[in-house]
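Right, one structure below, let's go through it.
The values are calculated or read from the model by the stated rules, or taken from the named source; none is laboratory data. The model shown is predicted, which means the values in this text are computed figures rather than measured ones. In this analysis, Cβ positions are derived from the backbone assuming ideal geometry, glycine residues included, and neighbour counts consider all displayed protein chains. Ligands, DNA and RNA are excluded from the accessible area calculation, which covers all protein heavy atoms including side chains. Shrake-Rupley method; radii C 1.70, N 1.55, O 1.52, S 1.80 Å.
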Amino acid sequence: MTPAHRVAPELRSARHIRAWIIGPVRARFRSVEARRKVSMERLNEAMALVERQLEGEVDVRRASRIALMSEHHFRRMFSTLAGIPLSEYVRRRRMTIAAASVVSGAEPLQDLAVRFGYGSADAFSRAFRAVHGVGPEGARRPGVILRSQPRLTFTITIEGNTTMDYRIVEKEAFTLAGLRTRIPLRYEGVNPAGAAFVEEAGDEQWARIAGLSDQEPAGVLSVHDAISPSREEGTELDYYVAAATSKPVPEGFDALEVAASTWLVLESTGAFPAALQELWPKAFQEWFPANPYQSVPGPEMVLAEYFDEEQTHGRYELWIPVEKVAHA
């Protein structure tokens, strides 16, 4: 910032100084919203391609290129914004369009299966039942209620000129050392499988893991890795209670080697688990559309520091591996 004694004469009035301070902030806000607008426009162009390919094979890689994202980030962005995995949305849209032909009975099921990208009439029938709650034969009965998945369009909602605190951290390769299990993915509320695993670890194991920590993020971490590309709720992932370390991994502990990476670090405080779980939507709904980065495959690390013994309130950090992109 310019020292006070060097402020130009035309900036010395309160009005000009106020404009000098606020002007860059407004410009920054406009640039952020412009980037978000471009991001949403590209995403909608990609979804238009998906819509055109519902009859046949959906080329997700091509759609992600249209959106100027990696396929990994495109799937992450979609699932966070839409609330369902891309694969589930495609299935619902296909079965919505196919319903009219099924009800009319004008086209054999095998032909419909081929037209909508299924290998057999049985596979098509299973998908139809999963969406509509009845099979193709049942759908032809009078009075049967079927379900429709509307076509999704993404728009920007401006809720206020707010800021989000974040850090970009460059880390050399390190090891995550601790205990590992497999648990189902859950988006809201306490994950019972994860909670039970943490309880089983016990104080002694917890202390041993904490003793391995010698770098950021410091302390005992919750780590999600090997997440299904669909990110569908209920699919399994590797869950670690671990520490980031450069020390030798003790016998009996699991280890995950992490390559040198760039990390997005977002913070929040509040009630557990809501204040923690809101960090993922904030990342993909607000931060990524406004910044020239995209997520990349790798472990997602969570640090939680609780303010009370009951562990109901605390401060949380979410670490997501990212890479900078030239376009945005």
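With the condition kept exactly as written, say whether any residue in region 135-153 is closer than 30 Å to VAL325 by Cβ, open to solvent by 60 Å² or more (accessible area, probe 1.4 Å) and out of contact with any Leu (no Cβ under 9 Å at 6 or more places or on another chain). Within region 135-153, one or more residues are closer than 30 Å to VAL325 by Cβ, open to solvent by 60 Å² or more (accessible area, probe 1.4 Å) and out of contact with any Leu (no Cβ under 9 Å at 6 or more places or on another chain). Filtered by the rule that a residue be of a type outside the set (Gly, Ala, Ser), part of a strand (DSSP E or B) and open to solvent by less than 40 Å² (accessible area, probe 1.4 Å), region 234-250 gives LEU237, ASP238, TYR239, TYR240, VAL241, THR245. Per the conditions (1) in contact with a strand residue (DSSP E or B) (Cβ under 7 Å, 6 or more places away or on another chain); (2) open to solvent by less than 40 Å² (accessible area, probe 1.4 Å); (3) under 27 Å from PRO281 (Cα atoms); (4) hydrophobic (A, V, I, L, M, F, W, C), the sole criterion not satisfied by ILE168 is (2).
Look at region 37-51: where a residue is over 14 Å from MET77 (Cβ atoms) and a partner is open to solvent by less than 20 Å² (accessible area, probe 1.4 Å) and at pLDDT below 95, sitting 6+ places away or on another chain with Cβ atoms under 9 Å, you get LYS37/PRO289. Within region 294-328, the residues that satisfy the criterion of being in contact with a His (Cβ under 8 Å, 6 or more places away or on another chain) and either of a type in the set (Gly, Ala, Ser) or farther than 18 Å from SER222 by Cα (or both) are GLN294, SER295, VAL296.
Residues in region 47-100 that are at positive phi and among the hydrophobic types (A, V, I, L, M, F, W, C): 1 in all. Scanning region 284-328 for residues that are hydroxyl-bearing (Ser, Thr, Tyr) and closer than 26 Å to GLY178 by Cβ yields SER295, TYR306, THR312, TYR316. Considering every residue within region 242-254, establish whether at least one is farther than 22 Å from VAL169 by Cα, at pLDDT 95 or above and among the hydrophobic types (A, V, I, L, M, F, W, C). Yes; the residues of region 242-254 include at least one that is farther than 22 Å from VAL169 by Cα, at pLDDT 95 or above and among the hydrophobic types (A, V, I, L, M, F, W, C).
Among the residues of region 275-328, the ones that are assigned to a strand (DSSP E or B), of a type in the set (A, V, I, L, M) and open to solvent by 70 Å² or more (accessible area, probe 1.4 Å) come to 0 in all. Scanning region 57-83 for residues that are open to solvent by less than 30 Å² (accessible area, probe 1.4 Å) and out of contact with any Phe, Trp or Tyr (no Cβ under 8 Å at 6 or more places or on another chain) returns VAL58, MET69, PHE74, SER79.
The requirement of being in a helix (DSSP H, G or I) and open to solvent by less than 60 Å² (accessible area, probe 1.4 Å) is satisfied by GLU51. For the residues ARG182, ARG141, ARG167, ARG151, the requirement of being modelled with pLDDT of 90 or more, touching a Lys or Arg at 6+ places or on another chain (Cβ under 8 Å) and either within 30 Å of ARG315 (Cα to Cα) or assigned to a loop (DSSP other than H, G, I, E, B) (or both) singles out ARG151. Of everything in region 251-274 that's buried (at least 18 other Cβ atoms within 10 Å of the Cβ) and of a type in the set (Ser, Thr, Tyr), which residue is farthest from the chain's Cα centre (by Cα)? So the residue we want is SER261.
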